[in-house]
Amino acid sequence: MHFRIRDSQVSTRLLFVLLFLIFLHPVFPVFAQLLADRVVERTLSNGLKVLMVERHEVPIVSLNITYGVGSVNEHPGISGVAHLYEHMAFKGTQLLGTRDYAKERPLLSEMDRLYQRIVAERAKGKRSDPKKLAEWQERFDALQKKADTLVVSNEIGEIYDRNGGVGFNASTGRDVTSYVISLPSNRLPLWTTIESDRMRHPVLREFYKEKEVVLEERRRSVETSPSGKLREAFMSAAFIAHPYGIPTLGWPSDVRALTASETEAFFKRHYAPNNTVIAMVGDIDPKNVVPMLEKSFGKIPRQPVPPPEITEEPPQPGERRVEVEYDAQPELLIGYHKPGIDDPDDTTFDVIDALLSEGRSSRLYKSLVEEKKIALNVSSSNGSPGGRYPNLFIISAIPRAPHTTQEVEEAIYAELDRLKKAPPEPKELEKVLTNLDASLIRSLRSNRGLAAQLAYFETVAGSWRYLLENRDRISKTTGEDVMRVAQKYLTKRNRTVAVLAPEEKTVTASAADAIPAAPSGKEER
C-alpha cells in the first residue's frame, strides 16, 4: 500500500481513522512517512531548535518550550533549584509582573544579600548570633513587604487568559523542564513576545515567599504521602553516585538555603537558546512563523552549554533493600539498573515492560491479580526516573490483604525467571507491538501531546525521530533478545528493593511492665 496525505486541511479525526486502519496491517513505515513529511525542522541563528507541524482543523496552536535541564544538573547544596526556577519563571520579567522595576530591582538585590548573610550565620549552628539573626530577619521582612507593593501577581497568566490561552503550565523532571500553553493561532505574536522576554529577562521576584510554596508542595507529595516517601527513599538507595538519586523537589534543607543569586546563576548556565527546543503543532504556517521566531527568540545570545553529566553510577556489589515505616497500605518497589535511551537494550526493555504489565492479559496482571489474587495492582515502567542516562526498570505492586509484600515479591521474581528461561511466543510479541502502536497513536492524537513528544525526544534522544526509529527497533526485537536482556540485567545483585511497611508500635515503659515474665525454668524465646 502506498499513499500520502498531502492536503493539510484533512481533518485530524479522518487522519487517525486512516492511521488506525493502517495499523491493522504490518505497514508502520506508512505512518512513519506521514509524520516525517509533516514535521518541519528549523534552527535559529542562535542554535534554538524549532519543530513545527501544521494542523488547520481549528484555529488553535499548541506550544511547548523544552529546556535540556532538570534535577540531573543539580548537586548537593542546590537540590531543587531547577524546580524552584520553574516556579519563578511565572513571576514575570523586567516588563511583566511589576509596577516599577527600577524601584523593585534594588530591593530584590538587597534582600538577596541580606538572606545570604542569614544563611551563613545560621550555618554556624550553636555559634550563630541570635541578635544578628533577629536584626537581619527584621530588615529582610521590611524589604519583602516593600517589594510586595510593586508586584503585579500572575500578570502573564492573566494576559494569556484574556487572549484565549488554555493549559498554561510547566513541569520539571530529571532530564528536562517544559513550559506549555495552547492559544488561538492569531495570538502567536503575543506568545513569542512574552516567552522570549521570559527567556531573556526573567526576574526572581517573590523568590523567598515562593520557596515556602515549594516546601509545602514537597510536604504534600512526599512527607505526608506514603508512596512519595517510599519512592524518594527507593531512588536514593538505587543511585548513590549519579544525580538521578536527587529528588526533583530537592531536599528541604537545600531549598530553604537557596538564594536568588544561586538560582539566577543556575538559570544563566543552563537556560540557553542553544539548549532549547520549541515544538509548535496546530494552525500555523512555518514560512511565516520562522521569521517571527528569529526576530524574538533569535536575538537571545547563545552561550556555552554545560557538558553532559560525567558522574557514573558504579555497578552494584549486591542487592540493596530499604524499608519505610508508615501507617499505610503496604507497597513494593523493585528496580533494576539498565542502560539509557541511547542503548539498544533500552528498546528490549520497552518490550519487557509491555509483556509484564500492558493490559489485563499481561503476565504480571494475570498471575498476581487474576490467578493468585495476591495483589491489588502491579505495574512496570521502563526508563525511570529519567531516560538520558542509565536508569531503572521498575516493578511496583500493592498486596491484597492478608497477603504480604514478601509473597508478592516472590511471585514477581517467578515471572522474571520465566523471561530468562523461555522466549515469549511470536504471537505474544505481535500483541505487544500492536499495543505499543495503539499507545503511540493515542499520545500523538492531540496537538499538545504531539508537541510534547516531539520536544521531549528531540531534547533527550537527540532527535524527535526516535519516536519512529524506536518503534521500528521494537518490531525487530526477538524472543531471544528478551531472554538475553532479562538474564543480563534482571539479577539479584543488580536490584534495589523498597518496601512500605506498617509502623512498629513503640512499647512504653508502663506497657512493658505489664508483660508477664517467662515461666520459671523455661527458656524465653
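The values are calculated or read from the model by the stated rules, or taken from the named source; none is laboratory data. Quick caveat, the model's predicted, so the values are computed rather than measured. Every residue, glycine as well, gets a Cβ built from its backbone with ideal geometry; the counts of neighbours run over all protein chains shown. Calculation scope for accessible area: heavy atoms of the full protein, side chains included, ligands and nucleic acids excluded. Shrake-Rupley method; radii C 1.70, N 1.55, O 1.52, S 1.80 Å.
For a quick check of your reading of the model, give me the residue pairs whose first member lies in the range 195-210 and is more than 13 Å from Glu86 (Cα to Cα), whose second is of a type in the set (Phe, Trp, Tyr), with beta-carbon atoms closer than 7 Å and at least 6 apart or on different chains. Pairs found: Ser196/Phe297; Tyr208/Tyr115.
Among the criteria (1) in contact (Cβ under 8 Å) with a residue 40 or more places away in the chain; (2) surrounded by fewer than 20 Cβ atoms within 10 Å (Cβ to Cβ); (3) not aromatic (Phe, Trp, Tyr), the one Asn447 does not fulfil is (2).
Here Lys373 fits the description: open to solvent by 30 Å² or more (accessible area, probe 1.4 Å), in a loop (DSSP other than H, G, I, E, B) and without any contact (Cβ under 8 Å) to a residue 60 or more places away in the chain. Look at the range 399-410 and say how many of its residues are open to solvent by 10 Å² or more (accessible area, probe 1.4 Å) and farther than 28 Å from His242 by Cβ. Residues in the range 399-410 being open to solvent by 10 Å² or more (accessible area, probe 1.4 Å) and farther than 28 Å from His242 by Cβ: 8 in total.
Checked against (1) farther than 30 Å from Thr311 by Cβ; (2) of a type in the set (Asp, Glu); (3) under 25 Å from the mean Cα position of the chain (by Cα), Asp350 meets all criteria but (1). Among the residues of the range 344-370, those that are open to solvent by 30 Å² or more (accessible area, probe 1.4 Å), more than 25 Å from Pro247 (Cβ to Cβ) and among the charged types (D, E, K, R) comprise Asp350, Glu358, Arg360, Lys366, Glu370. Restricting attention to the range 293-338, the residues that are among the hydroxyl-bearing types (Ser, Thr, Tyr) and part of a loop (DSSP other than H, G, I, E, B) add up to 2.
Residue check: Lys476 meets all listed conditions (1) open to solvent by 40 Å² or more (accessible area, probe 1.4 Å); (2) under 30 Å from Pro423 (Cα atoms); (3) at pLDDT 95 or above but one, namely (3). Residues in the range 234-252 that are of a type in the set (A, V, I, L, M, F, W, C) and crowded, with 17+ Cβ neighbours inside 10 Å: Phe234, Met235, Ala237, Ala238, Phe239, Ile246, Leu249, Trp251. Give the range 183-227 a look and list any residue that's touching a His at 6+ places or on another chain (Cβ under 7 Å) and either closer than 30 Å to Asn447 by Cα or surrounded by 18 or more Cβ atoms within 10 Å (Cβ to Cβ) (or both), or say none. Once the filter is applied, which keeps residues that are touching a His at 6+ places or on another chain (Cβ under 7 Å) and either closer than 30 Å to Asn447 by Cα or surrounded by 18 or more Cβ atoms within 10 Å (Cβ to Cβ) (or both), the range 183-227 yields only Val214.
The C-beta contact set for the range 304-333 (first residue farther than 15 Å from Glu74 by Cα and open to solvent by 50 Å² or more (accessible area, probe 1.4 Å), second residue modelled with pLDDT of 95 or more and in a loop (DSSP other than H, G, I, E, B), distance under 7 angstrom, 6+ apart or interchain) comprises Pro314/Ala241; Glu319/Lys492; Glu319/Arg493. Pairing each residue of the range 409-424 that is at positive phi with any residue that is modelled with pLDDT under 95 and open to solvent by 50 Å² or more (accessible area, probe 1.4 Å), provided the two are 6+ apart or on different chains, yields no C-beta distance under 9 Å. Within the range 108-122, residues that are touching a residue at least 60 places away in the same chain (Cβ under 8 Å) and within 14 Å of Glu264 (Cα to Cα) have Cβ atoms under 7 Å from residues that are among the charged types (D, E, K, R) and not in a helix (DSSP H, G or I) in these pairs: Leu108/Arg205, counting only partners at least 6 apart in sequence or on another chain.
Of everything listed in (1) surrounded by fewer than 20 Cβ atoms within 10 Å (Cβ to Cβ); (2) at pLDDT 90 or above; (3) under 30 Å from His56 (Cβ atoms), the single unmet condition for Ile441 is (2). Scan the range 89-104 for residues that are in contact with a strand residue (DSSP E or B) (Cβ under 7 Å, 6 or more places away or on another chain) and among the hydrophobic types (A, V, I, L, M, F, W, C) and the total you get is 1. Going through (1) exposed (fewer than 15 other Cβ atoms within 10 Å of the Cβ); (2) in contact (Cβ under 8 Å) with a residue 60 or more places away in the chain one by one, Val482 falls short only on (1).
Residues in the range 343-361 that are assigned to a loop (DSSP other than H, G, I, E, B) and modelled with pLDDT of 95 or more: Asp343 only.
The set of residues from the range 126-168 being of a type outside the set (Lys, Arg), farther than 30 Å from Ser196 by Cβ, open to solvent by 40 Å² or more (accessible area, probe 1.4 Å) and in a helix (DSSP H, G or I) comprises Pro130, Ala134, Glu135, Gln137, Glu138, Asp141, Ala142. When you look at Ser109, is it under 34 Å from the mean Cα position of the chain (by Cα) and open to solvent by less than 10 Å² (accessible area, probe 1.4 Å), yes or no? Spelling it out, it is not the case that Ser109 is under 34 Å from the mean Cα position of the chain (by Cα) and open to solvent by less than 10 Å² (accessible area, probe 1.4 Å).
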